[in-house]
1. Filter the stretch 273-296 for residues that are of a type in the set (Lys, Arg) and open to solvent by 10 Å² or more (accessible area, probe 1.4 Å); which is nearest to Ala468 (Cα to Cα)?
2. Please determine whether any residue of the stretch 163-180 is modelled with pLDDT under 90 and among the basic types (Lys, Arg).
3. Go through (1) at pLDDT below 95; (2) on the phi < 0 side of the Ramachandran plot; (3) open to solvent by less than 60 Å² (accessible area, probe 1.4 Å); (4) of a type outside the set (Lys, Arg) for Phe541 and report which single condition fails.
4. If I ask for residues that are open to solvent by less than 20 Å² (accessible area, probe 1.4 Å) and not in a helix (DSSP H, G or I), which ones from the stretch 528-538 would you list?
5. Of the numbered conditions (1) open to solvent by 20 Å² or more (accessible area, probe 1.4 Å); (2) touching a Phe, Trp or Tyr at 6+ places or on another chain (Cβ under 9 Å), Thr514 satisfies every one except a single condition; which is it?
6. Quick one: what pairs do we get from the stretch 368-385, first residue within 15 Å of Val148 (Cα to Cα), second surrounded by fewer than 24 Cβ atoms within 10 Å (Cβ to Cβ), C-beta under 6 Å, 6+ apart or different chains?
7. Tell me which of these Thr569 doesn't satisfy, since it passes every other one: (1) within 25 Å of Ala468 (Cβ to Cβ); (2) out of contact with any strand residue (DSSP E or B) (no Cβ under 8 Å at 6 or more places or on another chain); (3) in contact (Cβ under 8 Å) with a residue 24 or more places away in the chain.
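The values are calculated or read from the model by the stated rules, or taken from the named source; none is laboratory data. Here the structure is a predicted model, which is why all the values come from computation and not from measurement. Quick reminder, even Gly has a Cβ in these numbers, built from the backbone with ideal geometry, and neighbours come from all protein chains shown. Side chains are part of the model used for accessible areas, which takes the heavy atoms of the whole protein and leaves out ligands, DNA and RNA. Shrake-Rupley method; radii C 1.70, N 1.55, O 1.52, S 1.80 Å.
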Amino acid sequence: MTTTATPPPVAPAGDHHALAIVLFAVIVLVTLGITLWVGRGGNAAEDFYAGGRDFTPLQNGFALSGDYLSAASFLGVAGLIALYGYDGVLYSIGFLVAWLVVLMLVAELVRNAGRYTLADVLALRLRRRKVRAAAGGASVVVTLLYLVAQMVGAGSLVALLLGTNSAQARTWAIIAVGGLMIVYVTVGGMRATTWIQIVKAFLLIAGSVLLTVLLVVRFHGDLGELMRQAAQHSGAGHRYLEPGLKYGASFTSRLDFVSLGLALVLGTAGLPHILSRFYTVPTARAARRSTMWAIGLVGAFYLMAIALGLGATALVGSAEVRHANSAGNTAVPLLALVLGGGNGSTGGVVLFALISAIAFATILAVVAGLTLASSAAFAHDIWAGAWRGRPRRSLRRRGAVPASREASDGEAPGSESSGREAAEVSERQEVRVARVAAVGIGAAAIAISLFAQQLNVAFLVGLAFAVAASSNLPVLLYSLFWSRFTARGAVWSVYGGLVPAIVLVVFSPVVSGTKVALFPGVDFHWFPLENPGIVSIPLGFLAGWIGTITSPEPADADRFAELEVRALTGAGAA
């Protein structure tokens, strides 16, 4: 049995653009409706940041998978497999294995020890403004990098829909997505964002199942034939099915892949928008069960993503995938067009439009979660925790923080007006700042995305994972498991991973020195790897250790005991 490739044009032709545009509009209207319906009365900090903490493990598991299965997964990973075969499959494995780290090391402990953000976990034993500022700043950087990846994916998708590769179409798509994500966060908060993620995850899994079934039927269940056809139409022959097409050409490229794998496996446990999801359920047990649901959904999706990447090469061809988008971001929609009957057929256009709309919903949902996480880090950690530095009576009412301990950060216990009304006003101010921060972060993400439109979205997410693994994960693990860890160690750990990761990226081939770099016309790179994880992750751990052993102030054993008891038992958890 032989199945030949049927190369389509860049997008479906004729009046059929209208169908995809209508489906896009439906997705936008539905998500806006959810936001307006669910976002009513969400002015309390617990509602805005944690959705009231009343989601079930199944609901939060879908939301976790929705947050994680981003444009990088649906568009970027399948695109890498379509272009590079075996090496792209290895890329997807790193995304899945990372969840075992989350399940074993952080899910329950973070839920018990924190309140809204990563910095809350650190502040339980390291109550210093500089610790909150460092953790909050790193969270903003990580989420901003992740946001750029999603918005670049949106630009590629909408340009494909409109049948053009023009920069103007991608630019307006990025601006539109940025505007929508600001509305979702400022109006709906975490509750609306979670429901959007649930709907999006269901649509994404259902769409992937539909495409996979059609693909398997197309090849009569013969997966071996699928792989043979993929190799034949890859332009690389059997090398497509062997390691080394992208990462094995040299020692540097192999080292780059190791660096990328470290970032993917370790970075998930430090992603702010993933960690914040554990606060939307009532207990640590629910957080663990949420993670198990997410592992099942994510694992099933990546198995289908491998098949879809191979199918795009077999039926569309690597050359056509690369022609539509040099980074391969449009492989799945092009595959949908062929599986539906080809360009010009009703089935092809309907399936193309449906999958494009699902991908668009994926981007909208993920950017909402990322924007919420970054605005929470700014408002709760940097503005309220570090800059204003006022003790929050709402925490003391709940028994989360003893008044005597909270005052030890250099604040006077009576510096805030007494009474319930004062605390509520303070919460409203913090939520208001978070909404303003969402606007600013959205604008920054739009501006950066306009310069990064030709980069693969999966690769951009890999950079975000590297920064998260370098700056957030070391300080989180040290804080949870090392009794001698100090405030200086925390600050050094964050900056010791964050700064090298950013510097190495700036002076890497990603930014200059290659045709696909951010600035292709100049060359100032000296770091040979595209992903800095293999260097920056150890530096983050090393900086935290050096900062701790050189700290003039010893660790507080009582505070670590308090953290340990709460993390392991949930006693006093929010």
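1. Arg288
2. yes
3. (1)
4. Leu529, Asn531, Pro532, listed by residue number.
5. (2)
6. Every condition considered, the pairs that remain are Ser374/Val140.
7. Single failed check for Thr569: (1).
Listed here are the residues, each with its yes/no results for (1) of a type in the set (A, V, I, L, M, F, W, C); (2) open to solvent by 60 Å² or more (accessible area, probe 1.4 Å).
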| residue | (1), (2) |
| --- | --- |
| Ala487 | yes, no |
| Val510 | yes, no |
| Trp545 | yes, yes |
| Pro552 | no, yes |
| Thr569 | no, yes |
